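A short worksheet on the structure shown next.
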Amino acid sequence: MNNLYIRELIEKLEHTEFWDGTEKQCGYDEGIEGLTEVFAVHKMRQTSVFFIGNGGSCAIASHMTADFMKNGGMNTCCLYDQSVLTCLGNDYGYEHVFAEQIRYLAKEGDLLVAISSSGNSPNIVRAIGAAREKRAAVLTFTGFLPDNRAKQMGDINVYVPSSKYGIVESIHNLILQQIVDALMEKDGTET
């Protein structure tokens, strides 16, 4: 089979970048090991982990909230309650729907996982700022332009060098799922 899309997906996956702040750090295998360790530390400390995103990234965030809780044994929080989102969106504007929740719920040492294909969504950028105010760690998953805003703001930044939503979102989902599986394997709970 000569599927150009799958070949492009694999090529972009192999060239996914892992950044520590604003410096590129390592290749894929080392990046996954490092991220798995980050999540393992948060699991050990029993801190809260918040996943956020819009559209397809919202679906990934919601899915990972469930998987990191059920399969990873972690304290995850879903920020997608309809009443809360519509209340905050109505009262403060959609660009504040995650930041306001982070201000109420996050504590120092918690982890925000911000997923945004463009890395420039105002509500994601504001949530990262709110997490910083609370002294929570920030992990970003972005794509599109390499100088996107979210990528400049995280403690660790995963960047997919593609401008195709399907490619970027598929890789974000794959990496997060790989981390959950690695945590399960590390704990001896993988079936």
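Here are some residues: Arg126, Arg132. Which one is out of contact with any strand residue (DSSP E or B) (no Cβ under 9 Å at 6 or more places or on another chain) and not small (Gly, Ala, Ser)?
Details: Arg132 fails: out of contact with any strand residue (DSSP E or B) (no Cβ under 9 Å at 6 or more places or on another chain).
Answer to the selection: Arg126.
Working carefully through the options Asn71, Asn75, find the one that is touching a strand residue (DSSP E or B) at 6+ places or on another chain (Cβ under 8 Å) and among the polar types (S, T, N, Q). Don't jump to the end; show me each part of the working.
Numbers: Asn71 fails: touching a strand residue (DSSP E or B) at 6+ places or on another chain (Cβ under 8 Å).
Criteria check complete, one pass: Asn75.
For the stretch 1-8, state whether one or more residues are within 21 Å of Met153 (Cα to Cα) and not in a strand (DSSP E or B). Outline the logic, then answer.
At the first step, the residues of the stretch 1-8 found to be within 21 Å of Met153 (Cα to Cα) are none.
No, that holds for no residue.
Within the stretch 165-191, count every residue that is at negative phi and either buried (at least 18 other Cβ atoms within 10 Å of the Cβ) or not in a helix (DSSP H, G or I) (or both). Before you say what the answer is, go through the steps one by one.
In the first step, residues of the stretch 165-191 are kept if they are at negative phi; the result is 165-187, 189-191.
Now drop any that are not either buried (at least 18 other Cβ atoms within 10 Å of the Cβ) or not in a helix (DSSP H, G or I) (or both), which leaves 167-173, 175-176, 179-180, 182-183, 189-191.
Adding up the residues that qualify gives 16.
List pairs: first in the stretch 3-15 and surrounded by 12 or more Cβ atoms within 10 Å (Cβ to Cβ), second in a helix (DSSP H, G or I), Cβ under 6 Å, 6+ apart or cross-chain?
Matching pairs, first to second residue: Leu9/Ile167; Lys12/Ile167; Leu13/Ile171.
Looking at this structure, is Gly27 out of contact with any helix residue (DSSP H, G or I) (no Cβ under 7 Å at 6 or more places or on another chain) and under 14 Å from Thr140 (Cβ atoms)?
Working: out of contact with any helix residue (DSSP H, G or I) (no Cβ under 7 Å at 6 or more places or on another chain): yes; under 14 Å from Thr140 (Cβ atoms): no.
Answer is no for this residue.
Would you mind listing the helices (runs of 4 or more DSSP H) fully within the stretch 48-164 where at least 3 residues are modelled with pLDDT of 95 or more and buried (at least 17 other Cβ atoms within 10 Å of the Cβ)?
Qualifying helices (runs of 4 or more DSSP H): 56-70, 97-105, 122-133.
Taking Val41 and the conditions (1) over 17 Å from the mean Cα position of the chain (by Cα); (2) exposed (fewer than 14 other Cβ atoms within 10 Å of the Cβ), which numbered condition does it fall short on, given that it satisfies the others?
(1)
For the stretch 17-43, which residues satisfy the criterion of being of a type in the set (Phe, Trp, Tyr) and part of a helix (DSSP H, G or I)? Spell out how you get there, then give the answer.
Going residue by residue through the stretch 17-43, those that are of a type in the set (Phe, Trp, Tyr) are 18-19, 28, 39.
Listed by number, the residues that qualify are Tyr28, Phe39.
The values are calculated or read from the model by the stated rules, or taken from the named source; none is laboratory data. All of these numbers come straight from a predicted model, not from anything done at the bench. Counting neighbours? That spans all protein chains shown, and the Cβs are built from the backbone with ideal geometry, glycine included.
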